């Protein structure tokens, strides 16, 4: 199905329900397709962990990591100079 942007805006809920039900909807702007809407496949309830891993590995938009955990870098926040006003105080003062 092909619809225009204005029609999508006017009947968004209807088109979202149709996409969720499996219909593919192509949205056009000035006669040219700009977006394709489809529903997201829900995994089967009996899907095992191995099935999930296989499905994710087959997704071209994802890539497997090395498995090594990256520890967060400690980056201490420097204290404000003594006697100087804080930026948050200056912003609050400016808004008054």
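Since every read-out is calculated from the coordinates, none of them should be taken as a lab result. Because the structure is predicted, anything quoted here is derived from the model rather than measured. Cβ atoms come from the backbone with ideal geometry, glycine included; neighbour counts cover every protein chain shown.
DSSP assigns beta bridges within the chain; of those with both partners inside it, close to 60 percent run antiparallel.
Taking every DSSP beta bridge that has both residues in the stretch 1-52, what percent is antiparallel when rounded to the nearest 5?
Bridges in the stretch 1-52 are about 60 percent antiparallel.
Under the criterion of Cα pairs below 8 Å and six or more residues apart, the relative contact order for the chain equals 17 percent.
Calculated from the alpha-carbon coordinates, the chain shows an Rg and a Dmax of 24.9, 65 Å respectively. Computed from Cα atoms alone, the Kirkwood hydrodynamic radius reported for the stretch 2-58 is 13.2 Å. Entry note, the stretch 2-58: relative contact order of 28 percent, from Cα contacts under 8 Å with a spacing of 6+ residues. From its DSSP helices (H runs of at least four residues, each -39,500 (n - 2.57)), the chain gives a residue-normalised ellipticity at 222 nm of -10000 deg cm²/dmol. In this rough spin-label picture, where each label sits 7 Å from Cα along the Cβ direction, the residue 41-residue 61 distance is 1.4 nm. Counted by neighbouring Cβ atoms within 10 Å, the residues 1, 37 run from fewest to most as 1, 37.
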